[in-house]
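Student: Supplied in structure tokens, the structure appears directly below.
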Amino acid sequence: MAPHDLRRPFKRAAISDQQKRRELSLLRQAQNRRDAQQQARCLASSILSLQSPVPESEPEPEQPDIDLETAIEAEQESGASSKDLDVRRASKLRGPEVRKWFARQLMLPEWMIDVPDRLSQDWYVLARPSGKRCFVVSSNGTTVSRLRNGSILHHFPSALPAGAKTRDGSGSAQSYCILDCIFHELDQTYYVIDVVCWNGYSLYDCTAEFRFYWLNSKLEESGACSPPSYYHKYRFSAVPVYNCDQNGLYTAYTGVVPYAKDGLLFYNKHAHYQTGNTPLVLVWKDENCSQYVIDTDSKGEIPSQQQVVLELQDNGKLATSDDPPVVFGCLDADMIQQSGLDSGNLLRFAISDGGLSFSDGKLEKADLNYLGKSNRARAFADSYSKILFQYTVRHSPLKIDDLLASINSPDDQENKSCDMEMAG
Amino acid sequence: MEVTQVLLNAQSIDGSVRKNAEENLKQFQEQNLPGFLLSLSGELANEEKPVETRKLAGLILKNALDAKEQHRKYELVQRWLSLDANAKSQIKACLLKTLSSPVSDAGSTASQVIAKVAGIELPQKQWPELIGSLLSNVHQLPAHAKQATLETLGYLCEEVSPDVVDQDQVNKILTAVVQGMSGSEGNTDVRLAATRALYNALGFAQANFSNDMERDYIMRVVCEATLTPDVRIRQAAFECLVSISSTYYEKLAPYIQDIFNITAKAVKEDEEPVALQAIEFWSSICDEEIDILEEYAGDLTGDSDVPCFYFIKQALPALVPMLLETLLKQEEDQDQDEGAWNIAMAGGTCLGLVARTVGDDIVPLVVPFIEENIAKPDWRQREAATYAFGSILEGPSPEKLINLVNVALSFMLSALTKDPNSHVKDTTAWTLGRIFEFLHGSAVEAPIITPANCQQIVTVLLQSMKDTPNVAEKACGALYFLAQGYEDVGPSSPITPFFQEIVQSLLTVTHREDAGESRLRTAAYETLNEVVRCSTDETATLVLQLVPVIMLELHNTLEGQKMSSDEREKQSELQGLLCGCLQVIIQKLGSSESTKYVFMQYADQIMGLFLRVFACRSATVHEEAMLAIGALAYATGPDFAKYMPEFYRYLEMGLQNFEEYQVCAVTVGVVGDIARALEEKIVPYCDGIMTQLLKNLSSNQLHRSVKPPIFSCFGDIALAVGEYFEKYLMWAMSALQSAAELSTHTVGDDELVEYTNTLRNGILEAYSGIFQGFKNSPKTQLLVPYAPHILQFLDGIYIEKDMDDVVMKTAIGVLGDLADTLGSHAGSLIQQSLSSKDFLNECLSSEDLMIKESAEWAKLAISRAISV
């Protein structure tokens, strides 16, 4: 039992810098953990607040000069920044921001400007209903449909899971549905073209094949396809989806459906639900399956020359809304100054007689004629695929026969021909 | 086997003979443990054997009963308990017999072994006759046997906890010990053994100290012992007083005047080891009163458990002059000697504690001493005055000090450059650091550093960094606090104009050849870290420029090959400093988007360097690099996935490092960082990580402080991977459940309550992460069976009423998460729980905003869950 050491720290800070670093790390980690948990909690709250019965401003009346397609594209964000429905990010938003965010959550088809390979093996086709594209969210005993600009279309009870107060059991906070729909005015029906969440089960990361399978089996089962009743104000209906073989394509194109068609939608079977523009969903149309093939102007008439909306960039270049943007031309500095234009402005041009010229499948030159600034309702420039589709529609449209022919082409049959024995 | 010869051989100078003997002993022990221990105890007891073999036999016996490492100790205890009872009683008989050996080394060795056996057996209610047989005839024993018996009692009290010894046995022990200490005992060695035994026995004397007569008697004997002619007894008696001052503070009032007289005499005239203990008595009283007063300040009701007797305040007029006197007794060069401890240092330290205890009252008592001595020709007087000034800067209010400091500041700056004595400069630089630490910063109203003197201060400090290592180290310390004071100064810092120069000077210091002395290099890097931490956006580009510089330094440490162990240790220390510095820089630059973006260009290279540091394998560096990697993962986000294949094995190594539990704890924290950064990309590594974490939880070798963070880490992982956590759910839940049961009820001291709350918080964070991770998954059903237990746990800790605010916030959040995720599946369970009513209401009306916010969340989630 030797004497006990009683030395105390002398001229020393009570705590070492290493200990300080450790403690600061722990503080940071605790803060990060709190943030992560807080976000997860807000997510649930915000999904719910999306259909809170707070009065929302009515959707602005659609501009008569913009047809439905233009309206859809007019709002599209350069979807590249948000690949998935980033609910965590959304949870930080409030009020009008929620609407803005919501507007970016739809998957937007590119226009079909050439026929994808393996159409018959890898793709589905469906006849797109004409009407208002919207997200339908059911949760906590109520259902809300939101247009692409985030404003509320209807607020109603539905037979979707958690969609009305009368439903029992599963209708709790965590069970909610998000459906991608088109509301068809004439028969007051929500045509479901895709499903994002079903009864709390996220389908974002599932292939189109699985999503359609799920949709077909669950939607009917839920009773949402029944005629309207007190607790089920609007009817839902699945849109028939076909394998894009010759029969399927032909049926989608000519088949009788209870709604007015607005072109055909092609879904790649392996694609996940991806917000914003995607080449894995394509839209195609001609006069037989759509009322709106060629864009109209503000008077509802088809202008003699195709009109495009492009964004003026810093360097004077005129670009599409794609990511990366495609450049269609350039404005010189004098012109920019004289017209009082700023970068970021959306400008309307007519494609003059020189048209568009291509080299190696890439745009080389566009003969553009400046018309003026675009309507303020526009938020984004046209996409490349849209401009090209409109251009080909006016010059050498991609016809249904071309699509059917590509399905029959030997290229598309290569799998079958593999089995053939050489006879030569 | 001839044990004596083997034991002699085991101490041979001839290495091979020694090795052979050790082999023999090991074999014997493995083949026949009872026989081995018996022959050792026989050897120890045998008076005919040489003293060195007896001592070694005892030592080997002792080592067969106890070890430092917890798990090894546990094994040894189990082995002893399962030994044949006959063999054990023979061994114990030999040990007791040896106590009366005339060979004092043998008796003394036996007393230590007996205490070890007692440490194992008394808690098991075995060997009940031990204390009785030790004490039965203690009065009739010859002096050497009495001494050995008293030593045995002392060791025994050190070994066993007071609650395994009955009060009547305690009484007997204390009676024997105190009588052995008293003046009636003629033998000095017996008195010394008794005094040292009392030191250990004090913890057993709660009841006796509550009895006035017994306490008076003990105190009288202890005080008398401080006056005995034998210096060892005086020192041991003062050690007892020091121990009494903290254990029985509230019983001291009747004796404090006498104790002051005794200590004052000792400080003035006794030998240094005794004087040091006398000063320590007052330092220890300060510690007690600082704690009590802190508790008062925190608790406005004022009903603290222990009342403050203000002993220091009362003793102040006599105590302060006594301490000031000691300051003049410096040793030459004490500042260059790391291990130095003398009466001047002890006195100065005590003076600082007194200042913290009494605050403003000390200032008028010290100022005359400063004024009288600060400009004297004798360096001892100047140094003592400066030290006294530095000592009283913490405690008194800034208002009381500000004028004094403003007058002194320019004097100090001048002394730091001009005083001829290095010791004075050292203390001056230290005092400047104290000024900046306590009187500079946003909390102090009247700034002592102004645009007028800032330039001069920086110039003087940078100049002093070229002084001798001990002075330069203090100058770095002063700069550290100077920077810290500007921590939250806003967008523009007065340091900015000097930033470049400061960083350059600090880097120059780290390259000084003598930077290894007086921990100068460490101080320079620590100051660099603080300067970076407290920098503003104005200097962000300069901090960025520092990145490649520090990276190059770290790279240079990796070059050396074939290093000696000494060089290796130095390398690893330097790597630790550099990794620490990079960690601070990463955290700084990562905290703003713009700087993070630019910083990221270095991420690959930095990570490469960290991996190479790991490859050098040194535990301390391991920890620093690990901490830095956590910061890097946080800044990098999902891209961190690319480093995982190479980094993973080090992560696993860190989690397996039980010996250095800090390393393990830091690594657990980094797993959390990585989970948040990678989210579902962590899945490929989850099997390995979860397996290791579960192993760690079930290990009794791992320090308990690592367990709460492991639970929190479960939550981090579950939140990151969502329903993929299903794989681990059963194991994690069962570990959580048993920990939850243990932590519901706490019986113990404050420290245990604090630990229990940390543990609860970890458990609750795990539940939160799991619930949130499974939310929106079709597998939420899997959690339903766990809901009753979790609600019961919440109710349990609510009823217990000893949770802290952090636990309260986390707990009510878990209630919300449970309701949110399980919804109607848990609706009725939730409604039945106490938590959803009383506890929730209490949280809703909490003053703490975080608790309130969590409670509102819980309320919302519950209302939804029970509405359907």
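The values are calculated or read from the model by the stated rules, or taken from the named source; none is laboratory data. Keep in mind that this is a model prediction, so the values were computed, not measured. Don't worry about glycine lacking a Cβ; one is built from the backbone with ideal geometry, like all the others, and counts go over all protein chains shown. The accessibility values were calculated without ligands, DNA or RNA, using every heavy atom of the protein model including side chains. Shrake-Rupley method; radii C 1.70, N 1.55, O 1.52, S 1.80 Å.
Student: Of the residues that make up segment B:291-307, is at least one touching a Leu at 6+ places or on another chain (Cβ under 8 Å) and surrounded by 15 or more Cβ atoms within 10 Å (Cβ to Cβ)?
Tutor: no
Student: Now for a different question. Tell me whether segment B:756-776 contains one or more residues that are open to solvent by 50 Å² or more (accessible area, probe 1.4 Å) and under 33 Å from the mean Cα position of the chain (by Cα).
Tutor: Yes, that holds for at least one residue.
Student: Is segment B:700-721 home to any residue that is free of Cβ contacts under 8 Å to residues at least 40 places away in the same chain, of a type in the set (A, V, I, L, M) and within 14 Å of B:Ala766 (Cα to Cα)?
Tutor: Within segment B:700-721, none of the residues are free of Cβ contacts under 8 Å to residues at least 40 places away in the same chain, of a type in the set (A, V, I, L, M) and within 14 Å of B:Ala766 (Cα to Cα).
Student: Residues being over 25 Å from the mean Cα position of the chain (by Cα) and closer than 15 Å to A:Phe156 by Cα: count how many of those fall in segment A:227-253.
Tutor: 7
Student: While we're on this one: Can you list the strands (runs of 3 or more DSSP E) found entirely within segment A:237-318 that contain at least 3 residues being under 29 Å from A:Ile178 (Cβ atoms)?
Tutor: So the answer is A:261-268, A:276-284.
Student: Scan segment B:116-137 for residues that are more than 29 Å from the chain's Cα centre (by Cα) and either among the basic types (Lys, Arg) or open to solvent by 40 Å² or more (accessible area, probe 1.4 Å) (or both) and jot them down.
Tutor: B:Gln124, B:Lys125, B:Gln126, B:Pro128, B:Glu129, B:Ser133, B:Ser136, B:Asn137, listed by residue number.
Student: So in segment B:843-858, with the set limited to residues that are open to solvent by 40 Å² or more (accessible area, probe 1.4 Å) and touching a residue at least 24 places away in the same chain (Cβ under 8 Å), which one is farthest from B:Gly813 (Cα to Cα)?
Tutor: B:Asp848
Student: Sticking with this one: Quick check on segment A:199-227: of everything there that is within 13 Å of chain B (Cβ to nearest Cβ) and in a helix (DSSP H, G or I), which residue is modelled with the highest pLDDT?
Tutor: Ranking the qualifying residues of segment A:199-227, first place goes to A:Lys218.
Student: Separate question: Can you tell me which of B:Ala826, B:Ala811, B:Ala819 is at pLDDT below 90 and within 14 Å of chain A (Cβ to nearest Cβ)?
Tutor: Among B:Ala826, B:Ala811, B:Ala819, only B:Ala826 is at pLDDT below 90 and within 14 Å of chain A (Cβ to nearest Cβ).
Student: Might you let me know whether segment A:142-158 holds any residue that is open to solvent by 10 Å² or more (accessible area, probe 1.4 Å) and small (Gly, Ala, Ser)?
Tutor: No, that holds for no residue.
Student: Let me ask another. Residue pairs, Cβ under 8 Å, 6 or more apart or interchain, first in segment B:745-768 and away from chain A (no Cβ under 14 Å), second of a type in the set (Lys, Arg) and assigned to a helix (DSSP H, G or I). List them.
Tutor: Between residues of segment B:745-768 that are away from chain A (no Cβ under 14 Å) and residues that are of a type in the set (Lys, Arg) and assigned to a helix (DSSP H, G or I), the close pairs are B:Tyr755/B:Arg704; B:Leu759/B:Lys707.
Student: I need the full set of residues from segment B:781-803 which are within 14 Å of chain A (Cβ to nearest Cβ) and open to solvent by 10 Å² or more (accessible area, probe 1.4 Å), in order please.
Tutor: B:Gln781, B:Leu782, B:Val784
Student: I'm trying to understand the selection: among the residues of segment B:82-141, which are aromatic (Phe, Trp, Tyr) and either under 17 Å from B:Leu56 (Cα atoms) or in contact with a Gly (Cβ under 9 Å, 6 or more places away or on another chain) (or both)?
Tutor: Result: no residue meets the conditions.
Student: Could you give me the residue pairs with C-beta distances under 7 Å whose first residue belongs to segment B:171-191 and is more than 14 Å from B:Val222 (Cα to Cα), whose second residue is part of a helix (DSSP H, G or I) and among the basic types (Lys, Arg) wherever it lies, and which are 6+ apart or on separate chains?
Tutor: B:Val190/B:Lys146
Student: What pairs can you find where one residue is in segment A:331-342 and farther than 14 Å from A:Lys373 by Cα, the other is surrounded by 10 or more Cβ atoms within 10 Å (Cβ to Cβ), and their Cβ atoms are less than 7 Å apart, with a gap of 6+ or different chains?
Tutor: Matching pairs, first to second residue: A:Asp332/A:Gly316; A:Ala333/A:Gly316.
Student: Limited to segment B:410-434, what total is found for residues that are in contact with a Leu (Cβ under 8 Å, 6 or more places away or on another chain) and more than 14 Å from every other protein chain (Cβ to nearest Cβ)?
Tutor: Counting residues in segment B:410-434 that are in contact with a Leu (Cβ under 8 Å, 6 or more places away or on another chain) and more than 14 Å from every other protein chain (Cβ to nearest Cβ) gives 3.
Student: Do we find a residue being open to solvent by 40 Å² or more (accessible area, probe 1.4 Å), part of a helix (DSSP H, G or I) and more than 14 Å from every other protein chain (Cβ to nearest Cβ) anywhere in segment B:612-619?
Tutor: Scanning segment B:612-619, I find at least one residue that is open to solvent by 40 Å² or more (accessible area, probe 1.4 Å), part of a helix (DSSP H, G or I) and more than 14 Å from every other protein chain (Cβ to nearest Cβ), so the answer is yes.
Student: Then there's this: Filter segment A:344-383 for residues that are part of a loop (DSSP other than H, G, I, E, B) and either of a type in the set (Gly, Ala, Ser) or open to solvent by 60 Å² or more (accessible area, probe 1.4 Å) (or both) and give the result.
Tutor: A:Gly344, A:Asp360, A:Gly361, A:Ser374, A:Arg376, A:Ala377, A:Ala379, A:Ala381, A:Ser383
Student: Might you check whether a residue that is within 37 Å of the chain's Cα centre (by Cα), at pLDDT below 95 and small (Gly, Ala, Ser) occurs anywhere in segment B:66-85?
Tutor: yes
Student: Does B:Glu399 meet the test of being in a helix (DSSP H, G or I) and buried (at least 22 other Cβ atoms within 10 Å of the Cβ)?
Tutor: Spelling it out, it is not the case that B:Glu399 is in a helix (DSSP H, G or I) and buried (at least 22 other Cβ atoms within 10 Å of the Cβ).
Student: Of everything in segment A:267-295, what is under 15 Å from A:Leu108 (Cα atoms) and either hydroxyl-bearing (Ser, Thr, Tyr) or open to solvent by less than 30 Å² (accessible area, probe 1.4 Å) (or both)? Give them in sequence order.
Tutor: A:Tyr267, A:Asn268, A:Ala271, A:Tyr273, A:Thr275, A:Gly276, A:Thr278, A:Val281, A:Leu282, A:Val283, A:Trp284
Every residue, every condition in (1) in a helix (DSSP H, G or I); (2) more than 14 Å from chain A (Cβ to nearest Cβ); (3) closer than 21 Å to B:Phe640 by Cβ; (4) free of Cβ contacts under 8 Å to residues at least 24 places away in the same chain, yes or no:
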residue: B:Glu526; (1), (2), (3), (4): yes, no, no, no
residue: B:Glu538; (1), (2), (3), (4): yes, yes, no, no
residue: B:Leu542; (1), (2), (3), (4): yes, yes, no, no
residue: B:Leu546; (1), (2), (3), (4): yes, yes, no, no
residue: B:Leu554; (1), (2), (3), (4): yes, yes, yes, no
residue: B:Gly560; (1), (2), (3), (4): no, yes, no, yes
residue: B:Asp566; (1), (2), (3), (4): yes, yes, no, yes
residue: B:Leu574; (1), (2), (3), (4): yes, no, no, no
residue: B:Ile606; (1), (2), (3), (4): yes, yes, yes, no
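Student: Would you confirm, using the coordinates I've provided, whether B:Leu192 is surrounded by 14 or more Cβ atoms within 10 Å (Cβ to Cβ) and closer than 19 Å to B:Asp66 by Cβ?
Tutor: no
Student: Identify all residues within segment B:458-478 that are under 15 Å from B:Lys425 (Cα atoms) and either open to solvent by less than 10 Å² (accessible area, probe 1.4 Å) or of a type in the set (Val, Ile, Thr) (or both); write none if there are none.
Tutor: Listed by number, the residues that qualify are B:Val460, B:Leu461, B:Ser464, B:Met465, B:Thr468, B:Asn470, B:Val471, B:Ala472, B:Ala475, B:Cys476, B:Ala478.
Student: Only one of (1) open to solvent by less than 10 Å² (accessible area, probe 1.4 Å); (2) under 30 Å from B:His555 (Cα atoms); (3) more than 10 Å from chain A (Cβ to nearest Cβ) is not met by B:Gly672, so which one is it?
Tutor: All conditions are met except number (3).
Student: Surrounded by fewer than 18 Cβ atoms within 10 Å (Cβ to Cβ) and aromatic (Phe, Trp, Tyr), is that true of B:Tyr661?
Tutor: Against the criterion (surrounded by fewer than 18 Cβ atoms within 10 Å (Cβ to Cβ) and aromatic (Phe, Trp, Tyr)), B:Tyr661 qualifies.
Student: Filter segment B:268-284 down to residues that are surrounded by 24 or more Cβ atoms within 10 Å (Cβ to Cβ) and under 12 Å from B:Met322 (Cα atoms), then give me how many there are.
Tutor: Counting residues in segment B:268-284 that are surrounded by 24 or more Cβ atoms within 10 Å (Cβ to Cβ) and under 12 Å from B:Met322 (Cα atoms) gives 4.
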